[in-house]
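A.B. asks: Quick one: structure below, then a few questions.
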There are 2 protein chains.
Amino acid sequence: MRALTQNKTLLDQTYEALLEAICTGSIKAGERLNQDEIAARLSVSRQPVNSAIAMLKAQRFVNDTGRRGVVVAPIDRTIFESIYTFRTAVEPLAVRLATGRLTRDAITLGRDVIERGKRQVQAGERSAALRCDIEFHNLIYTLSGNLIISDTMSLNWRHLQRAMIEVLNVPGATLRVWKEHDEIFRSMVEGDAEGAAAMMHAHMINATLQIPEE
Amino acid sequence: MRALTQNKTLLDQTYEALLEAICTGSIKAGERLNQDEIAARLSVSRQPVNSAIAMLKAQRFVNDTGRRGVVVAPIDRTIFESIYTFRTAVEPLAVRLATGRLTRDAITLGRDVIERGKRQVQAGERSAALRCDIEFHNLIYTLSGNLIISDTMSLNWRHLQRAMIEVLNVPGATLRVWKEHDEIFRSMVEGDAEGAAAMMHAHMINATLQIPEE
DNA sequence: GTCTCACATTTCGTATACGACATTCGATCC
DNA sequence: GGATCGAATGTCGTATACGAAATGTGAGAC
């Protein structure tokens, strides 16, 4: 018995591969995407590659140069800041919704992520800590039961991930962040939705302030 | 002199045509999408059609049936409600951001939309009123200067439009709604960002309450 | 008459082919 | 020697071709 809707099509796989490569920085900002080359590297035809690139274009991960093909979008402070501003509104909402829907399993999961996150920060594992950060917030989106939040934020995190990996001095990899996560989650477990939401809002403001200037 | 980046590719045009057809209800929920048929009707090959459908799938406008092709996604109360919940957080943020960025032209535009909206409601033109509703909120997204808000909400509105056209009893087509729009915009013009945001929040709550039961 | 199994048909995903446009490079002209 | 124009090349968007998988169909068995 396997997952019912596995990403089986080459288009999906190609899209995932490209997005992953862009977000982990293995394809740098400004770099051109040559369809033939990508197709050869992934051992597929240009057809799925072409479609995948069209999707990435719509999601602003690549830009049309007008002249020849597309290039990976530059890391854009504006987008980065826009997402953080956006999160000041969305994250507290997600927390508010998720609080009433916490299950025993979810609580275990949450505590586990927080534990791991703290440990990664202490170990200086920035990349692993970032993954935990994503995981923590994703858990809340999922728990919120609001598909729009999950879908929207999952794309936004891809943009954030990209920016965060590029510039090393990012919010998310400090112990303070995980202390806040911990407090937020405790409030959620206690059922204090409004308190948790307020903390999450503060958490976002703090993170925004930590965005390096220029 | 024309727009520099016109939707010139057949893929873009096909995507737009399909999305429009789905959102205006000219392709009904549950209906199957036959690539050959669509290609023939639009006088293009299956290639752009296939790519366009893949994008619509990612955006949940169509569902994969697993068996043969895709069908237009059913009008889903859950998604509808999720978007409204989402908006209770995002709309006030957009208002807050937009208030500080109002230009003379924007004020003129806003007043004009509100005037037209009221008139359409009074004339009983539900469809035109809905378009004005979209236009009003879109103006605020644009003014907010936050690309994430604009992008995200523009897709969400497509979902809303679809649902609203299907069930006729929708929020948006009452005089009260436009009275609220008017008050919100007046506060914005006065520079009262927090007041306007609070009104927008209330506006969203009111709209959510008006969603017909089942 | 109904069930079953094989064969035909549909339709999709993907590969390959083609034509258009732009860029690049080289040859010619001054 | 440098500028300019045209041919060669690269690369994309799109069309067409192909193979696989699943559905529809019809004949034969009971």
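A.B. asks: Rounded to the nearest 10 degrees, what's the angle between the helix B:147-166 long axis and the longest principal axis of chain B, both from Cα atoms, 0 to 90?
C.D. replies: 70 degrees
A.B. asks: For chain B, with the dipole built from +1 on Lys and Arg beta-carbon atoms and -1 on Asp and Glu ones, taken about the Cα centre, which of B:TRP178, B:THR208, B:ILE75 lies farthest toward the positive end?
C.D. replies: Working it through, the farthest residue towards the positive pole turns out to be B:ILE75.
A.B. asks: Another one. Report, in deg cm²/dmol and to the nearest 500, the calculated mean residue ellipticity at 222 nm for chain A, where each DSSP H run with n ≥ 4 adds -39500 (n - 2.57) and the sum is divided by the residue count.
C.D. replies: Numbers: 9 runs with 150 residues, N = 214.
After summing the helix terms and dividing by the residues of chain A, the value is -23500 deg cm²/dmol.
A.B. asks: Top mean-square fluctuation among B:ASP64, B:ASP12, B:ASP105, Gaussian network model of chain B, C-alpha springs under 10 Å?
C.D. replies: Looking only at B:ASP64, B:ASP12, B:ASP105, the largest GNM fluctuation is found for B:ASP105.
A.B. asks: Shifting gears a bit: Could you give, in nm with one decimal, how far B:ARG67 is from each other copy of that position, shortest first, with labels 7 Å out from Cα toward Cβ?
C.D. replies: Values, ascending and in nm: 5.2.
A.B. asks: With +1 on the Cβ of every Lys and Arg and -1 on the Cβ of every Asp and Glu, and nothing else charged, how large is the dipole of the protein assembly as shown about its Cα centre, in debye rounded to the nearest 20?
C.D. replies: In debye, rounded to 20, the protein assembly as shown gives about 1000.
A.B. asks: In the range B:83-160, which trypsin sites (Lys or Arg not before Pro) are in a loop and have at most 15 other Cβ atoms within 10 Å, using DSSP for the loop call? Display every interim value, and only then the final one.
C.D. replies: Values: sites: B:ARG87, B:ARG96, B:ARG101, B:ARG104, B:ARG111, B:ARG116, B:LYS118, B:ARG119, B:ARG126, B:ARG131, B:ARG158; in loops: B:ARG101.
The qualifying sites are B:ARG101.
A.B. asks: Which of B:GLN47, B:GLY30, B:GLY145 sits closest to the plus end of the dipole of chain B, meaning its Cα is farthest towards the positive end, when Lys and Arg get +1 and Asp and Glu get -1 on the C-beta?
C.D. replies: Checked the options; the winner is B:GLN47.
A.B. asks: While we're looking at this one, here's another question. Ignoring ligands, DNA and RNA, what accessible area per residue does the range A:77-210 give at 1.4 Å, in Å²? Could the numbers behind the result be given before it?
C.D. replies: Working: 5930 Å² over 134 residues.
Ligands and nucleic acids excluded, the result is 44 Å² per residue.
A.B. asks: Sorted from largest down, give the three principal axis spans of the alpha carbons of the range B:42-171, whole angstrom values.
C.D. replies: Reported extents, whole Å, longest axis first: 53, 34, 33.
A.B. asks: Using a 1.4 Å probe on protein heavy atoms only, how many Å² of accessible area do A and B hide from each other, summed over both chains and rounded to 100?
C.D. replies: On the way: alone 11980 and 11970 Å², together 21840 Å².
Adding both sides of the contact gives about 2100 Å².
A.B. asks: Could you please state how large a percent of the accessible area of the protein assembly as shown is carbon and sulfur, counting protein chains only and using a 1.4 Å probe?
C.D. replies: Summing carbon and sulfur atoms, their accessible area is 50 percent of the total for the protein assembly as shown.
A.B. asks: Can I ask one more? At a 1.4 Å probe, which residues in the range B:57-95 are at least 20 Å² less accessible with all protein chains present than in their chain isolated?
C.D. replies: B:ALA58, B:ARG60, B:ILE79, B:SER82, B:THR85, B:PHE86, B:ALA89, B:VAL90, B:LEU93
The values are calculated or read from the model by the stated rules, or taken from the named source; none is laboratory data. Worth saying up front: this structure is predicted, and the values here are computed from it rather than measured. All Cβ positions, even for glycine, are placed from backbone atoms using ideal geometry, and neighbour counts span all protein chains on display. SASA here: full protein model, heavy atoms, side chains in, ligands and nucleic acids out. Shrake-Rupley method; radii C 1.70, N 1.55, O 1.52, S 1.80 Å.
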